[in-house]
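Q: This is the structure, below, for whatever I ask next.
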Amino acid sequence: MLAFLNAYQKRTALCGMALGVAAAACTMTIYSGLIGVAAIGLAALLHQDRWRFLRSPAPWVAAVVYCVALTPHVLWLIKWNFPTLQWASSLAEQPGSPWHTLDYLGHHFALIAIPAVVGALLLLPWRTRLREGRDATA
């Protein structure tokens with residue numbers, strides 16, 4: 001997230017490279033890290049100042065660095081017939097696995113929900129101050 005905030009604020013190619021490397025590291029750590037990468041993309045597209053960011057080199061450099069950094073892993077997955085995904089699918093074939101899968105997903109969503117709720121709560125005072133500042137200038 002820090003890499004994204006830096007890239008969004010500074011909009012330089014160097015910050016874009018740092019964002020691409022951080023996103024690739026996140027994805028390589030755990031595939032569900034793609035949720036974080038998707039959240040970064042969504043945040044960039046939903047922000048009111050998105051065009052300044054999208055016209056800068058940062059997001060494009062980040063995307064290229066991300067793809068280049070993941071290319072060896074994707075090639076390895078293809079060469080060895082997706083062993084990590086085969087392992088994950090083997091869990092679904094075990095007896096009683098729907099409960100195991102639901103338990104796993106429940107933990108995943110809880111782990112995502114906790115920082116999302118805390119982040120939203122932390123942003124409430126900031127949004128209130130921003131709204132008050134807009135009302136004062138209008």
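Q: Of 42, 121, 102, 75, which residue is over 20 Å from the mean Cα position of the chain (by Cα), open to solvent by 90 Å² or more (accessible area, probe 1.4 Å), at pLDDT 85 or above and of a type in the set (A, V, I, L, M, F, W, C)?
A: Sole residue among the options that is over 20 Å from the mean Cα position of the chain (by Cα), open to solvent by 90 Å² or more (accessible area, probe 1.4 Å), at pLDDT 85 or above and of a type in the set (A, V, I, L, M, F, W, C): 75.
Q: Between residues in region 54-80 that are on the phi < 0 side of the Ramachandran plot and residues that are part of a loop (DSSP other than H, G, I, E, B), which pairs lie under 6 Å by C-beta distance while being six or more apart or on different chains?
A: 56/11; 58/11
Q: Quick check, is residue 68 within 17 Å of residue 5 (Cβ to Cβ) and out of contact with any Phe, Trp or Tyr (no Cβ under 6 Å at 6 or more places or on another chain)?
A: Against the criterion (within 17 Å of residue 5 (Cβ to Cβ) and out of contact with any Phe, Trp or Tyr (no Cβ under 6 Å at 6 or more places or on another chain)), residue 68 does not qualify.
Q: Next question. Scan region 5-33 for residues that are open to solvent by 80 Å² or more (accessible area, probe 1.4 Å) and either among the acidic types (Asp, Glu) or under 18 Å from residue 43 (Cβ atoms) (or both) and jot them down.
A: Those that are open to solvent by 80 Å² or more (accessible area, probe 1.4 Å) and either among the acidic types (Asp, Glu) or under 18 Å from residue 43 (Cβ atoms) (or both): 5, 9, 10.
Q: Which residues, taken from region 1-21, are touching a residue at least 24 places away in the same chain (Cβ under 8 Å), of a type outside the set (A, V, I, L, M, F, W, C) and closer than 21 Å to residue 119 by Cβ?
A: 8
The values are calculated or read from the model by the stated rules, or taken from the named source; none is laboratory data. Just so it is clear, the structure is predicted and the values come from calculations on it, not from any experiment. All Cβ positions, glycine included, derive from the backbone under ideal geometry; neighbour counts span all protein chains shown. Heavy atoms of the whole protein, side chains included, go into the accessibility calculation; ligands, DNA and RNA do not. Shrake-Rupley method; radii C 1.70, N 1.55, O 1.52, S 1.80 Å.
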